[in-house]
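Here the structure is laid out as structure tokens; the discussion comes afterwards.
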Amino acid sequence: MGDNGKLYPAFNNDYVEAMKRLLQEADIIVPNLTEACLLTNTAYQENYDEEYILNIVSKLKAIGAKKIVLTGIGYQDGMT
């Protein structure tokens, strides 16, 4: 759906809204940081800390996500 803080050109905000509805029915979601930010209307940050990530996860749960695997996250350089 997106990467580096931006939607891929093939997608638009209608698609993001549809994904929000779909994630309410999913058992597991596996968004990357960009996708999680888009789904939660959170400003994308390339540099983040645990508090920022936990806030996004909390917002995803509030939308209705049951189990969340947020991909590409690491708190140390070179480690995901």
Residues in region 12-37 that are of a type in the set (A, V, I, L, M) and more than 20 Å from Thr80 (Cβ to Cβ) total 6
Is it fair to say Asp27 is in contact (Cβ under 8 Å) with a residue 40 or more places away in the chain and over 14 Å from the mean Cα position of the chain (by Cα)?
yes
Output for region 36-80, where each listed residue is open to solvent by 50 Å² or more (accessible area, probe 1.4 Å), at positive phi and touching a residue at least 40 places away in the same chain (Cβ under 8 Å)
Gly72
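How many residues does region 1-24 contain that are without any contact (Cβ under 8 Å) to a residue 24 or more places away in the chain, polar (S, T, N, Q) and part of a loop (DSSP other than H, G, I, E, B)?
Step one: list which residues in region 1-24 are without any contact (Cβ under 8 Å) to a residue 24 or more places away in the chain, which gives 8-19, 21-22.
Going one step further and asking which of them are polar (S, T, N, Q), we end up with 12-13.
Now narrow it down to the ones that are part of a loop (DSSP other than H, G, I, E, B): 12.
Summing the residues that are without any contact (Cβ under 8 Å) to a residue 24 or more places away in the chain, polar (S, T, N, Q) and part of a loop (DSSP other than H, G, I, E, B) in region 1-24 gives 1.
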Of the residues in region 10-35, those that are open to solvent by less than 90 Å² (accessible area, probe 1.4 Å), in contact with a Lys or Arg (Cβ under 8 Å, 6 or more places away or on another chain) and of a type in the set (A, V, I, L, M, F, W, C) come to Ala26, Ile29
Those residues that are in a loop (DSSP other than H, G, I, E, B), closer than 19 Å to Asp3 by Cα and hydrophobic (A, V, I, L, M, F, W, C), I need them from region 53-80; list them, please.
Val69, Leu70, Ile73
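The values are calculated or read from the model by the stated rules, or taken from the named source; none is laboratory data. Bear in mind that the values here come from a model prediction, so they are computed numbers and not experimental data. Methodologically, a virtual Cβ is constructed for each residue, glycine included, from the backbone with ideal geometry; neighbour enumeration extends over all protein chains shown. When the accessible area is computed, the model is the full protein with side chains, heavy atoms only, and any ligands, DNA or RNA have been set aside. Shrake-Rupley method; radii C 1.70, N 1.55, O 1.52, S 1.80 Å.
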